[in-house]
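First the structure, in the form of structure tokens, and then the observations on it.
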């Protein structure tokens, strides 16, 4: 593992890049015009990425490319080509969400540094061995992690020689990243595809709540960077590629001061608070102080404060930051060409000038030489060691020295910008496959024992939650459903042992940690929707990991799901599916858990009700209406199985729905087709 400790800044435009670097960022992350989780930012084309990499590498700053969205089958080739081209330009790492894209990049460009995006929902240590096997060198920790959670994650990462990156300032998503379909279901703009519309910032009201019970304040733990460093975090990430250069300048300046001195200038800190906040900031996740104090919205006062702060911040990045120490040596000898040498410790340039003239009146002094060859204003270089060898009686014009200095700087810039460039000619071609027709098996997921029909005929498999007491049913396959939010790996392991004793041999896993834990307890594993299986390469990857079947993301359309698969694949064909996964339950803004009795709801501005349920320390918001595909049987024949996902239904309602799916009946209630016929952008 590299011995690094970096401030990592967001860059959504060229001006943001300059502000981040000049204010002291050690690394920046930016997106291309395609395949980025902030597709509405200005972003960079390939030539602009090259210029950004050159600019940063000259100044000793690393550049990471965000390729952190889910990739559709017909996009794999384009995404691979973009990553390969960035690698050839000298990119320092690529941030990935999609399992399939990670697979092919690791296979075809093994030297490429892969970082597991926060969209991969890594919030417990057991995910790390799988990520290590996949070629990831760094993991971006979920923003929901407490200090103790991060300690455990960093300990495991150190054992595996992996790096941990953590967010220290910026916006907080209400849902566990990678597990939010709210924007997609409400408007086809997917957060997993870089086009989140931010519906969580609109009014969603819990009973007796704030009225904006899905809107969190922004995170800020900039004053704790040295504490995080001791824990083992190596990269301190600032969120905000959609914000302004002034925001980046102030956030990076505060982070730089915090890390270098342990003290943040109160004026800069106050300006940062003014430039963007939602009624202040929160450290609730890190300190494990959850609750209503973490919630806030952008108010008119916040906007007014920002407009006053902008002019002050331009001064922070007006001038180049002297961040690269260099050694300078000049050899000026009678009857020999002048030699000027610049070195940054790794790169050395040697430029040769004309033969110096003999002095007619006044000889050049060492001070004269130093004055001219150290004019490095407008560059990131700072002379640390200067060595002058000068014969007596010589005169060297300032213009000659200036030309030599400029020539040396150009050559040093060129060496520094190209020092990390590598070459890969690897190619990837998407295979064209058509899946065969079949009669899908019927899997039913039940929330509790009272829902299970007395007559199980026609049901091939029962799926049952890990948090409930195991059911004892004979002559039917039973699968245990592990929550996608894991508070305690030990608790999950203990529950799995109990289910194993009750003849459950297969686990439905929506998180990489769940996969690892289930494997350790000898369960067969089926991928749940939380693993975001989006393409054939993702299927191949989980097959390599030992999984036996996959449930595809319900953000794929039926047409986009047609790719061939060696594993049985299926979809959720019925149910009020989870749209968000919460560490900080919004229902508790208005009532205690005891008062809620697991019957919480959120009401949007149109009066629509969204149920909220608890699952072993996390909670989930369900869609207001169920997906209904019973009358679309011909379109389901390319799947090996379909899941009926029951949550709040009575036994009678369950039986009615199952009968409808057996008979291909039309819906008898309000419903949605989900995204199966419209997909996401």
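Brief remarks on what is shown
- Segment 645-662, residues that are crowded, with 20+ Cβ neighbours inside 10 Å and either assigned to a helix (DSSP H, G or I) or more than 39 Å from the chain's Cα centre (by Cα) (or both): 657, 658, 661
- So residue 377, is it outside any helix (DSSP H, G or I), closer than 30 Å to residue 25 by Cβ and either touching a strand residue (DSSP E or B) at 6+ places or on another chain (Cβ under 9 Å) or at pLDDT 95 or above (or both): no
- Residue in segment 632-644 that is assigned to a loop (DSSP other than H, G, I, E, B) and more than 17 Å from residue 559 (Cα to Cα) present: no
- In segment 525-552, the residues that are over 23 Å from residue 180 (Cβ atoms) and not assigned by TED's automatic domain parsing to the domain that holds residue 100 form Cβ pairs under 6 Å with partners that are assigned to a loop (DSSP other than H, G, I, E, B) and modelled with pLDDT of 95 or more, at six or more places apart or across chains, as follows: 525/547; 543/567; 549/567; 549/568.
- In segment 126-137, the residues that are surrounded by fewer than 22 Cβ atoms within 10 Å (Cβ to Cβ) and either assigned to a helix (DSSP H, G or I) or in contact with a helix residue (DSSP H, G or I) (Cβ under 8 Å, 6 or more places away or on another chain) (or both): 129, 130, 132, 133, 134, 135
- Taken over segment 555-564, residues that are surrounded by 23 or more Cβ atoms within 10 Å (Cβ to Cβ) and in contact with a helix residue (DSSP H, G or I) (Cβ under 8 Å, 6 or more places away or on another chain) amount to 2.
- When the criteria are applied in full, residue 611 meets the requirement of being closer than 23 Å to residue 484 by Cα, buried (at least 17 other Cβ atoms within 10 Å of the Cβ) and free of Cβ contacts under 8 Å to residues at least 40 places away in the same chain.
- Exactly one residue among 178, 209 is touching a residue at least 12 places away in the same chain (Cβ under 8 Å), on the phi > 0 side of the Ramachandran plot and buried (at least 18 other Cβ atoms within 10 Å of the Cβ), and that residue is 178.
- Listed by position, the strands (runs of 3 or more DSSP E) contained in segment 422-518 that have at least 3 residues being within 29 Å of the chain's Cα centre (by Cα) and buried (at least 20 other Cβ atoms within 10 Å of the Cβ) are 506-509.
- Residues satisfying the stated conditions in segment 458-478, i.e. over 30 Å from residue 618 (Cα atoms) and touching a helix residue (DSSP H, G or I) at 6+ places or on another chain (Cβ under 9 Å): 458
- Residue among 621, 616 that is surrounded by 22 or more Cβ atoms within 10 Å (Cβ to Cβ) and in contact (Cβ under 8 Å) with a residue 24 or more places away in the chain: 621
- Here residue 387 fulfils each of the conditions (1) surrounded by fewer than 16 Cβ atoms within 10 Å (Cβ to Cβ); (2) under 46 Å from the mean Cα position of the chain (by Cα) apart from (2).
- Long-range neighbours under 7 Å by Cβ, at least six apart or interchain, first residue within 11 Å of residue 342 (Cα to Cα) within segment 406-417, second in a helix (DSSP H, G or I): 413/58
- Positions within segment 138-159 being farther than 24 Å from residue 580 by Cβ, buried (at least 18 other Cβ atoms within 10 Å of the Cβ) and free of Cβ contacts under 8 Å to residues at least 60 places away in the same chain, in sequence order: 156
- Residues of segment 603-618 satisfying the condition of being in contact with a helix residue (DSSP H, G or I) (Cβ under 8 Å, 6 or more places away or on another chain), in a strand (DSSP E or B) and over 25 Å from residue 676 (Cα atoms): 614
- Breaking point among (1) touching a helix residue (DSSP H, G or I) at 6+ places or on another chain (Cβ under 7 Å); (2) buried (at least 23 other Cβ atoms within 10 Å of the Cβ); (3) not in a strand (DSSP E or B), for residue 574: (3)
- Restricting the search to strands (runs of 3 or more DSSP E) fully inside segment 293-362 and requiring at least 2 residues that are in contact (Cβ under 8 Å) with a residue 12 or more places away in the chain and within 21 Å of residue 279 (Cα to Cα) gives an empty result.
- Scanning segment 324-340 for residues being surrounded by fewer than 17 Cβ atoms within 10 Å (Cβ to Cβ) and farther than 14 Å from residue 370 by Cβ gives a total of 7.
- Any hit, segment 67-76, residues being in contact with a strand residue (DSSP E or B) (Cβ under 7 Å, 6 or more places away or on another chain), outside the structural domain of residue 380 (by TED's automatic domain parsing) and touching a residue at least 40 places away in the same chain (Cβ under 8 Å): yes
The values are calculated or read from the model by the stated rules, or taken from the named source; none is laboratory data. Treat the numbers as computed from the prediction; the structure is a model and nothing was measured. Heads up, the Cβs are rebuilt from the backbone with ideal geometry, glycines too, and the neighbour counts pull from every protein chain shown.
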